[in-house]
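Shown next, in structure tokens, is the structure this report addresses.
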Amino acid sequence: MARLNVRAHGGDIYAAARELNRDPTEILDFSASINPLGPSSRVWKAITASRHLLSHYPDSNCWDLRQGLATFWRIHSEQIVVGNGSTELIDVLPRALGIHRLLVVQPTFSEYTAAMVRAGGQATALYADRSNQYAIPIAHLCRVMETGRSDGRPIDGVILCHPNSPTGQACSADDVARLATAARRRGLWLVIDEAFADYCPDRSVLPHAASWPGVVVLRSMTKFYALPGLRVGYAVATPTVIRRLRRQLPPWSISVMGQVAALAALNDAAHARKSLQFMARERERMRRLLTALPGCVVMPTYANYFLVELPRGRHAGDITEQLRSRGLLIRDCSSVPGTNSRSIRVAVRTVQENDRLIRTISRLLLQGVSR
Ligand SMILES: Cc1ncc(COP(=O)(O)O)c(C=O)c1O
């Protein structure tokens, strides 16, 4: 029988609330990794000030937001296209760029393969090594890209999740630049998903990569800017590539509120600084607490979540379900290709919330439920 806990994505507080007969706001969600400080207060003001626009279609060009992003990154607005979350952009990439066979580095975000399958293409994988704490295998990846083939068959694109989900690993911006060179030599597309890169700005290839031919960088307003409910993400590339992506997008896919909120969030540098400072502190505290759980192995991270391996004899699915029944959501990563059955991903939330999660996991581990 299929396990109940095999869920493609995190963040489904609605299903959990229905199961537990609770209000969605009572669910503590460690399964999606969203800035625990929440969105900038400027977002609420911008939404209120724009309520008269609700009776109009949104700007399908996302003009103001693209200007704001262009200023933020010091690039041209023609190098930016906005999507209904970066998920929408991931979805159109294979069709827009003509990618039929995409190389992914597992374990990683499942939407890359799902988008290829939806587009009638295929994903092929190389694996980061568990014994090397899932460090991104740059040298191996470069070698494979130089051959232009994987598993004996040609590839036409590579996607790198950077920092990677669920492992948290990232390499240097110089290493990513090496990949871009390898991709250019072979005429491969290189897509770099920087959905979590706000947490490690020195590892990002933006803004330089905006002019690299054959390279697309994806960014999300979901995680660091804490706007998952509004669905805003964007891609940065050369104007020619951006036009190809735009042609595949439906009109008006980014709502009025999504556009004004994203722009307001982007312009609040003080909230961004506060968020980074909080995360640096709390992530370190949480790492210590998780590491102190008997038998647990905690992977290094550059993002706002941890990949944790439970003690031997435990199954990620069991702990995930037990936490869920207590209103705490985490990611069961046991079915992510390349991980083992003890792998979970937990977001870093507020001090109090993190303490509650650690206490509950600690109790569950002591109770000794296993399979
Ligand atoms: C690595 C990664 N990229 C992209 C996304 C999509 O984010 P959004 O569509 O909310 O921008 C996610 C969501 O979980 C993710 O984990």
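The values are calculated or read from the model by the stated rules, or taken from the named source; none is laboratory data. Remember, it's a predicted structure, so these values are computed and weren't measured experimentally. Positions of Cβ are generated from backbone atoms using ideal geometry, with glycine treated the same way; all protein chains shown enter the neighbour counts. Calculation scope for accessible area: heavy atoms of the full protein, side chains included, ligands and nucleic acids excluded. Shrake-Rupley method; radii C 1.70, N 1.55, O 1.52, S 1.80 Å.
Put the Cα centre of the range 23-60 next to the Cα centre of the range 272-351 and the gap is 26 Å. For the range 62-134, the square roots a ≥ b ≥ c of the C-alpha gyration tensor eigenvalues yield an a/c of 1.5 or more together with a/b not exceeding b/c, which makes the shape oblate.
For the residues Trp73, Trp212, Trp63, a 1.4 Å probe over the protein chains yields an accessible-area ranking, largest first, of Trp63, Trp212, Trp73. Probing with 1.4 Å while keeping every protein chain in the model, the per residue accessible area of the range 41-265 equals 41 Å². Taken over the chain, the convex hull of the Cα atoms encloses 143 Å³ per residue. Per residue of the chain, the DSSP helices (runs of n ≥ 4 H) give a summed -39500 (n - 2.57) that works out to -12000 deg cm²/dmol at 222 nm. Calculate, for Tyr127 and Asn267, the FRET efficiency according to 1/(1 + (r/R0)^6) with r their C-beta to C-beta distance and R0 25 Å; round to the nearest 0.05. With R0 = 25 Å, the Cβ-Cβ based efficiency is 0.05. Taking every DSSP bridge with both residues inside the chain, close to 50 percent are antiparallel.
Label separation (Thr71 vs Arg185): 4.2 nm, computed from points 7 Å beyond Cα along the C-beta direction. Full extension of the segment from Arg281 to Ser172, taken as 0.36 nm per residue of separation minus the current Cα-Cα distance, would add 37.0 nm.
Ordered by 1.4 Å accessible area with all protein chains kept, Arg312, Arg359 run largest first as Arg312, Arg359.
Taking a ≥ b ≥ c as the square roots of the eigenvalues of the Cα gyration tensor, the range 1-100 is oblate, since a/c reaches 1.5 or more and a/b is not larger than b/c.
The Rg/Rh ratio of the range 40-189, with both radii computed over alpha carbons and Rh defined as the Kirkwood radius, is 1.05. Relative contact order (percent) for the chain, with alpha-carbon contacts under 8 angstrom and 6 or more residues of separation? Normalised by residue count, the contact order of the chain is 24 percent. Taking Cβ atoms as reference points and 14 Å as the exclusive limit, the residues near Ser204 contribute a net charge of -2, counting Lys and Arg as +1 and Asp and Glu as -1. Please check which bits of the range 262-294 a label hung off Lys45 would reach, taking the label as a point 7 Å along Cα-to-C-beta and the cut-off as backbone N under 19 Å. Of the residues in the range 262-294, 262-275 have backbone N under 19 Å from the label point off Lys45.
Positive contributions from Lys and Arg (+1) and negative ones from Asp and Glu (-1), summed over other residues with Cβ under 9 Å from the Cβ of Ile344, come out at +1.
Net charge in the neighbourhood of Arg101 (other residues with Cβ under 9 Å of its Cβ; Lys, Arg +1, Asp, Glu -1) is 0.
Taking a ≥ b ≥ c as the square roots of the eigenvalues of the Cα gyration tensor, the range 128-217 is oblate, since a/c reaches 1.5 or more and a/b is not larger than b/c. Ordered by 1.4 Å accessible area with all protein chains kept, Ser40, Ser335 run largest first as Ser335, Ser40.
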